[in-house]
Amino acid sequence: MKRAGADQKSLVVDILVKSFDDNKSVNYVVKQDRNREARIRGLMDYSYNICNTFGDVWISDDAQACALVLHPDKKRSTFTSILWDAKLALNVIGLTRVARVLGRESKIKSFHPKKRFSYLWFIGVSPQFQNAGKGSQLLNEIIKDSSAEGRPIYLETSVDRNIPWYQKHGFEIFQSLDLSYRLYMLRRNNGHV
């Protein structure tokens with residue numbers, strides 16, 4: 001695992017678009033119309049930019065798996081990040097849906113700790129390489145890195161079949177939200193309370 005370089009941005013975005021095409025949580029955020037796939041690409045582009053600036057973008061050595069990790073304590077409003085937010089609202093969410101999506105984000109953040117933590121925003125594997133251990137290998141490296149930094153890891157999933165996988169890696173469900181779908185909130189303390 002290594003940090004993705006700027007030249008790998010399109011590869012990371014492509015992996016995530018393919019991995020999250022039918023994800024309930026992603027599709028809750030993204031306006032559902034004939035431009036849905038382009039909107040998902042816009043969400044992944046936005047997420048890449050935010051994590052590259054205020055966290056880490058990881059890619060497997062074989063470039064078939066990637067993860068976006070945000071460090072919320074490092075996130076700042078900058079002119080550029082405000083432009084990214086505006087582009088997200090206009091091109092991905094849709095102005096009439098912004099309040100609903102912001103409400104969802106506010107609920108999620110209300111369950112996050114006040115201390116430093118790693119937020120595993122997205123982890124994905126190229127579809128043809130899924131179920132081959134690549135995601136587990138990447139997640140183990142993220143756990144090791146976050147543990148070394150003294151950061152617990154938080155994430156959400158709307159995919160029921162992913163829960164046992166996260167639990168196998170030491171995550172626990174600590175909350176769930178009932179939106180138009182069930183969103184499970186998980187954490188891994190990494191020995192840090």
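The values are calculated or read from the model by the stated rules, or taken from the named source; none is laboratory data. Fair warning: this is a prediction, and the values are worked out from it, not measured in the lab. Counting neighbours? That spans all protein chains shown, and the Cβs are built from the backbone with ideal geometry, glycine included. We work out accessible area using only protein heavy atoms, side chains counted, and drop any ligands, DNA or RNA first. Shrake-Rupley method; radii C 1.70, N 1.55, O 1.52, S 1.80 Å.
Observations on the structure shown:
- Cα extents of the stretch 1-88 along the three principal axes, largest first (Å): 35, 34, 21
- Rolled with a 1.4 Å probe across the full set of protein chains, the surface gives residue 53 an accessible area near 80 Å².
- Relative to the Cα centre, the charge distribution of the stretch 1-68, modelled as +1 at Lys and Arg Cβ and -1 at Asp and Glu Cβ, gives a dipole magnitude of about 260 debye.
- For the stretch 114-193, a Kirkwood hydrodynamic radius built from all Cα pairs, placed in the Stokes-Einstein relation at 20 °C and 1.002 mPa s, yields a translational diffusion coefficient of 161 µm²/s.
- In the stretch 63-193, taking the dipole from charged Cβ atoms about the Cα centre, the farthest positive-side position among 159, 91, 129 is held by 91.
- Accessible area per residue in Å² at 1.4 Å probe, computed on the chain: 51 Å²
- Looking at the stretch 99-193, the chymotrypsin sites (Phe, Trp or Tyr not before Pro) that sit in a DSSP loop and have at most 16 other Cβ atoms within 10 Å of their own Cβ are 111, 181.
- Net charge of Cβ neighbours under 10 Å - reference residue 171; Lys, Arg +1; Asp, Glu -1: +2
- Each Lys and Arg contributes +1 and each Asp and Glu -1, all at the Cβ; summed about the Cα centre of the chain, the dipole is approximately 580 debye.
- Accessible carbon and sulfur surface of the stretch 1-120 relative to its total accessible area, %, 1.4 Å: 54 percent
- Straight Cα distances below 16 angstrom link residue 18 to the lysines 9, 134, with same-chain residues fewer than 8 positions distant left out.
- Dipole magnitude for the stretch 66-137: about 280 debye, using +1 per Lys or Arg Cβ and -1 per Asp or Glu Cβ, origin at the Cα centre.
- FRET efficiency estimate (nearest 0.05) - Cβ-Cβ, residue 148 to residue 32, R0 41 angstrom: 0.50
- Gyration tensor over alpha-carbon atoms, the stretch 94-138, equivalent ellipsoid semi-axes in Å: 30, 19, 6
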